[in-house]
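*Asks:* Before I ask anything, let me first share the structure, which is written out below as structure tokens.
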Amino acid sequence: MLTSAAVRYQHRFRQDKHHWAFVCYLLLLYLYSSAVGGGHSNEFPACSNTRPLAAILAKHSTMRQIFFFILTLLLLGCSDKSSHKTITIGEYAFDFPNDFHEIEEQGIDSYVGKIKGDSIRFDFDYGYYSDRLVETEQEYIDKKYWLQYAEHRFMKPGITYDDNNRPKIELINVRQATNSDTEKFENADFIAKCKHDTTVFDYPIILPDKTKQHIVKVDTIQNHLRRIIIAKDPLKGLTGIFLQNLGGYNKSINSHPALSMVTSSLTKRQQDSVLKIFSTLQFVTSK
């Protein structure tokens, strides 16, 4: 977990990588001149001795270890990370390509805005009412909104129904629909076995198109819920991330702080780039 200061330092290091590489070069030059015994203060290092570096390193094991340590730092300093910048939203930070910039907008009860690049635009919402974007199959089934429609088959004409006299439906189990099920119940994705009084019956569950058009990956990381939404057709669907701090419960509004960040109208290559950005997630805590 990074502090906000650490995120700023990391960004500064990436910007100063050429200075870092130059410092490492000077250290290597000094190390080599010391090893060969190049002598006078008015001489360029190693001018008075032409022993090859490989021979020096082969002879001096300690010198060899120091050389390769500095060489590793030099290579790390020269690695091209300057093409990315870190953008922080609330307690979350991501590495974006340099063409992206944050645009803050006016929100009512949350921090909202856009992160815009040359060809991709994210909309984000950080607060207590951020959208989870897309339900998983299991989430839709567990909410049982669909079950209220099973009551209709047992309602009698001429009777006004309310919560007190609606037909009671008991859910026994849910299973995946088979081919024979879809012949009987067109477009059924799952079959629920239900019971009303003494009558046991099958009822079709048809998932919302939005759920069927997306893959939703759910896990937890450092006590944060993470949901990654991947459109099966990135041009038409949503590609986004939802993060929720499970330790930040606010009792007065019965919610946790969360971030939703989403984009759409992507090519497959752009979608891969977006998922790569999501993989750079860092947690930021204020000092």
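*Asks:* Going by a ≥ b ≥ c, the root eigenvalues of the Cα gyration tensor, does segment 221-287 fall in the rounded group (a/c under 1.5), the prolate group (a/b larger than b/c) or the oblate group?
*Replies:* Numbers: a/c = 3.34, a/b = 1.95, b/c = 1.71.
Since a/c reaches 1.5 and a/b is larger than b/c, the shape of segment 221-287 is classed as prolate.
*Asks:* Also, quick follow-up: Which of the peptides 196-204, 184-192 is most tightly packed, and how do the rest follow, going by the mean number of other Cβ atoms within 10 Å of each residue?
*Replies:* Working: 196-204: 13.1, 184-192: 16.2.
Output ranking for 196-204, 184-192: 184-192, 196-204.
*Asks:* Once phi is turned into ³J(HN,Hα) by the Karplus curve 6.51 cos²θ - 1.76 cosθ + 1.60 with θ = phi - 60°, what whole-Hz value does each residue of segment 163-169 show in order, with x for glycine and proline?
*Replies:* Once rounded to whole Hz, the list reads 5, 7, 10, 5, x, 8, 10.
*Asks:* Can you give the local net charge around Ser265? Use residues other than it whose beta-carbon is closer than 11 angstrom to its beta-carbon, Lys and Arg +1, Asp and Glu -1.
*Replies:* Summing Lys/Arg as +1 and Asp/Glu as -1 gives +1.
*Asks:* Taking a ≥ b ≥ c as the square roots of the Cα gyration tensor eigenvalues, with a/c under 1.5 meaning rounded and otherwise prolate when a/b beats b/c, else oblate, which class fits segment 158-261? Let's see the in-between values first.
*Replies:* Details: a/c = 2.59, a/b = 1.46, b/c = 1.78.
Taking the square roots of the gyration eigenvalues as a ≥ b ≥ c, segment 158-261 is oblate.
*Asks:* Continuing with the same structure: Could you rank the peptides 108-116, 169-177, 151-159 by their average count of other C-beta atoms within 10 Å per residue, with the highest value first? Could the numbers behind the result be given before it?
*Replies:* On the way: 108-116: 15.3, 169-177: 13.4, 151-159: 9.7.
Final packing ranking: 108-116, 169-177, 151-159.
*Asks:* Output ³J(HN,Hα) for segment 140-151: one whole-Hz value per residue in order, computed from phi by the Karplus curve 6.51 cos²θ - 1.76 cosθ + 1.60 with θ = phi - 60°, and x for Gly and Pro.
*Replies:* 5, 5, 5, 6, 6, 4, 5, 5, 5, 6, 5, 5
Readers should treat all values here as calculations from the given coordinates under stated rules, not as data from a laboratory. Just so we're clear, the structure is a prediction, and the values are computed from it rather than from any experiment. Glycine gets a Cβ as well: all are built from the backbone with ideal geometry, and neighbour counts include every protein chain shown.
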